[in-house]
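Chemist: First the structure, then my questions, so here it is.
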Amino acid sequence: QVHLVESGGGSVQAGGSLRLSCAASTFTNSAMAWFRQAPGKEREGIAVASFDGISRYTDSVKGRFTISRDNANNTLHLQMNNLKPEDSGMYYCATDRVFGDGYFNPSAYKSWGQGTQVTVSS
């Protein structure tokens, strides 16, 4: 199990940008993912990065968000551009995915960070 710590959240106006980071306690070759959760809603898978650089995105963030990982430094990033109020929520980093359980299913990930808050005002 990997210990994860997110950072980089904050408050921005619509159309602005934020860059989130996730620091892992150890090297991992597991997929790493970003999820978010708005008040009153379930956790939503946002983006997933495999060890070898393949990325996947949910439709609502395609073209606006970019996931990347730095395996040498055990870090994961999420560059968020053209932010919308609907993007507001707590953003979580996750890893240690159970093979075959899906990339955007929260239950598939066994290691989670504490979250970092993102607030986008209109």
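Chemist: Defining a contact as two alpha carbons under 8 Å apart and six or more residues distant in sequence, what relative contact order in percent does the chain show?
Modeler: About 36 percent, as a whole number.
Chemist: Could you run the Karplus curve 6.51 cos²θ - 1.76 cosθ + 1.60 with θ = phi - 60° over the stretch 66-77 and give me ³J(HN,Hα) per residue in whole Hz, x for Gly and Pro?
Modeler: Coupling constants for the stretch 66-77: 9, 9, 8, 9, 10, 5, 5, 10, 6, 10, 10, 10 Hz.
Chemist: Could you tell me the center-to-center distance, by alpha carbons, between the stretch 86-118 and the stretch 60-80 in angstrom?
Modeler: 13 Å
Chemist: Hey, what do the phi angles of the stretch 52-61 turn into as Karplus ³J(HN,Hα) couplings, whole Hz, using 6.51/-1.76/1.60 and θ = phi - 60°, x for Gly and Pro?
Modeler: Using θ = phi - 60°, the values come out as 8, x, 6, 10, 9, 9, 6, 4, 5, 10 Hz.
Chemist: A follow-up question, please. Tell me, what % of the accessible area of the chain is carbon and sulfur with a 1.4 angstrom probe?
Modeler: 48 percent
Chemist: I've got another one for you. According to the square roots a ≥ b ≥ c of the eigenvalues of the Cα gyration tensor, what is the shape class of the stretch 57-111, taking rounded for a/c under 1.5, prolate for a/b larger than b/c otherwise, and oblate for the remainder? Spell out each step's value before the answer.
Modeler: Numbers: a/c = 2.02, a/b = 1.35, b/c = 1.49.
The shape class here is oblate.
Chemist: Can you tell me the alpha carbon radius of gyration of the chain divided by the globular rule-of-thumb value 2.2 N^0.38 Å?
Modeler: Working: Rg = 13.2 Å, N = 122, 2.2 N^0.38 = 13.7 Å.
Rg over 2.2 N^0.38 Å, computed on Cα atoms: 0.97.
Chemist: Shifting gears a bit: Could you pull out every residue, at least 5 positions away or on a different chain, whose amide H is within less than 5 Å of the one on G115? Hs are placed 1.01 Å off N in the peptide plane, and Pro or chain starts have none.
Modeler: Long-range HN contacts for G115: E6, C93.
Chemist: Further, regarding this structure: Residue by residue, what Karplus-based ³J(HN,Hα) values in Hz, rounded to whole numbers, does the stretch 22-35 have, using 6.51, -1.76 and 1.60 with θ = phi - 60° and x for Gly and Pro?
Modeler: Once rounded to whole Hz, the list reads 9, 9, 9, 5, 9, 5, 9, 9, 6, 4, 10, 9, 10, 10.
The values are calculated or read from the model by the stated rules, or taken from the named source; none is laboratory data. Remember, predicted model here, so these are calculated numbers, not experimental data. Only protein heavy atoms, including side chains, enter the accessible area calculation; ligands, DNA and RNA are left aside. Shrake-Rupley method; radii C 1.70, N 1.55, O 1.52, S 1.80 Å.
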